[in-house]
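Chemist: For reference, the structure I am asking about is given below.
Values in this text are rule-based calculations from the coordinates and carry no lab data. Because the structure is predicted, anything quoted here is derived from the model rather than measured. Here the Cβ positions follow ideal geometry from the backbone for every residue, glycine too, while neighbour counts run over all protein chains shown.
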Amino acid sequence: MKRLLSVWLSVVPIAALFASLIGAQPASQSPFEMIVNEYFKIHDALANDTTKGVDAAAQEIARLASEAQPKSPGKNPDFGAIKGAATSLQGGKSLEQAREQFFQLSKPIIAELKRSPSARKPAFAYKCSMANKTWVQGQKEVRNPYYGKSMQKCGEPL
């Protein structure tokens, strides 16, 4: 029994290393979870006062939403609204324009997270009373995407 346990303990780390080397994912994500991951990339860029990576993430969101829309029963999540808002974010927008379009993208994302809280964890929703806009982020510490570094901590939990 000890020998079997010893062999098992030596094989498991090797199998895990091999899986990570070939890019295996521990569990598959839903289309909405993949969209939220890309959304977080946009949030992080805007919170850091840059649009670097925003266009690529918006394109990926639009692609994911487009693929998921025909498979989605009813209108939950509203992949049509997500795709439309993500498409509006594309095209090398200025920082100000990207922030305004990010708010439009935030609306259907927040609506789905409210409807189905287990859809993506961790996800923290905030509102900036100065901008009168909401957003979701992956970490608890407030990082305002609408004012960026100038008012990084401006936001209250929804």
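Chemist: In region 64-84, how many are more than 16 Å from N37 (Cα to Cα) and of a type in the set (A, V, I, L, M)?
Modeler: Final tally of qualifying residues: 1.
Chemist: Ok, one more. Just checking, does region 108-123 include any residue being free of Cβ contacts under 8 Å to residues at least 24 places away in the same chain, within 14 Å of F40 (Cα to Cα) and not in a helix (DSSP H, G or I)?
Modeler: The answer is yes, given that some residue of region 108-123 is free of Cβ contacts under 8 Å to residues at least 24 places away in the same chain, within 14 Å of F40 (Cα to Cα) and not in a helix (DSSP H, G or I).
Chemist: Between Q97, Q101, Q139, which is buried (at least 18 other Cβ atoms within 10 Å of the Cβ) and either in a helix (DSSP H, G or I) or free of Cβ contacts under 8 Å to residues at least 24 places away in the same chain (or both)?
Modeler: After applying the criteria, what remains is Q101.
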